[in-house]
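Data block below; observations after.
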Amino acid sequence: MGHIIALANQKGGVGKTTTTVNLAAALANFGKKVLIIDTDAQGNATSGTGVHKSNIEQDIYDVLINDVPLMEVVLPTSHEGVDIVPATIRLAGAELELAPVMARELRLKNALGDVREKYDYVLIDNPPSLGLVTINTFSAADSILIPVQAEYYALEGLGQLMNNMKLVKRHFNPDLKIEGVLMTMVDPRTNLSADVVENVREYFNSEVYDTVIPRNVRLSEAPSRGLAIIDYDPRSKGAEVYTNLAEEVLKSHGEI
Ligand code: ADP
Ligand code: MG
């Protein structure tokens, strides 16, 4: 049975998409079958895995709004073993269009159907907001993986995220868990980064992964080639740390 993990943090630019794409590829290298679901109208996970706009006939918008079966929308990515449900700018209006829809919070959950039987891991890349789309992903997921950028205001806004999680637990998904908290863009040379990592560890305790993601320029170059870091530069620090993260995730599920 597959695990459904929502990657979320309402702050933009904290590494949600980078982690989705690179964790997916690293898990696939451990032999897992992975599905990415892009739920951000920016479509960065979609382009970052080598899917060209011209090849997208239907996307997550059609699944959420037009009842198109999820599996009809799935495309392969540049990394073998990783598929994607793409997103395009069409999704930008979905928050408003979902508002009057029946069971609007459970559209994604219902659409997922038996996807767990087809994939070992489903990673949902969230938009930088806490709207209806995010409520849909929290309602559909088993757990939330929270990337936190190692910067001065790192913890700001996380209370709101936890509050949303609590609300979704109460009303739609009582078993929702924290998958883990991932420190991203850590600069090992600065005291600030070390202080922030320590603060986040105090706040989330053992939920913070041992693996931390350092700033690595190769990680920021890979998306423009439509490649995961392990394909773009397998010897880079970025490739190493995302492989370590995949290992930690698999261990936490007792799968290695
Ligand atoms: P989000 O999805 O949370 O908005 P992204 O994953 O798109 O964040 O990351 C924001 C920007 O930072 C992107 O340009 C990305 O390439 C870059 N980036 C992400 N993680 C790293 C890292 N560890 N080192 C360097 N650049 C990174
Ligand atoms: Mg993103």
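Worth a mention:
- Net dipole in debye of the chain [+1 Lys, Arg Cβ; -1 Asp, Glu Cβ; about Cα centre; nearest 20]: 200 debye
- Our analysis of segment 3-252 gives Rg over Rh at 0.94, with the two radii drawn from alpha carbon positions and Rh computed by the Kirkwood formula.
- The mean of 1/r over all pairs of different alpha-carbon atoms in segment 107-255, once inverted, gives a Kirkwood hydrodynamic radius of 16.9 Å.
- GluC sites (Glu not before Pro) restricted to DSSP loop in segment 175-256 with at most 15 other C-beta within 10 Å: 255
- Percent of Cα-Cα distances greater than 19 Å, calculated over segment 171-256: 50 percent
- Going by neighbour counts of Cβ atoms within 10 Å, the residues 236, 206, 129 line up, fewest first, as 206, 129, 236.
- D (Stokes-Einstein, µm²/s), Kirkwood Cα radius, segment 2-103, 1.306 mPa s at 10 °C: 112 µm²/s
- Long-range HN-HN contacts of residue 4 with modeled amide H, under 5 Å: 122, 142, 143
- Residue 65 paired with residue 187, simple spin-label distance in nm, labels 7 Å along Cα-to-beta-carbon: 4.1 nm
- Computed over segment 3-252: relative contact order in percent, which uses C-alpha pairs under 8 Å that are six or more apart: 27 percent
- Taking the alpha carbon gyration tensor of segment 81-146, multiplying each eigenvalue by 5 and rooting it gives semi-axes of 20, 14, 12 Å, largest first.
- What the phi angles of segment 134-140 give under the Karplus curve with 6.51, -1.76 and 1.60, with θ = phi - 60°, is a coupling list of 5, 4, 4, 6, 5, 6, 8 Hz, glycine and proline written as x.
- Segment 63-87 versus segment 209-256: alpha-carbon centroid distance in Å: 23 Å
Taken together, the values in this text are just the output of simple stated rules run on the coordinates, not laboratory data. This structure is a prediction, so every number in the text was calculated from the model and none was measured. Using ideal geometry, Cβ is built from the backbone for each residue, glycine included, and neighbour counts are taken over all protein chains shown.
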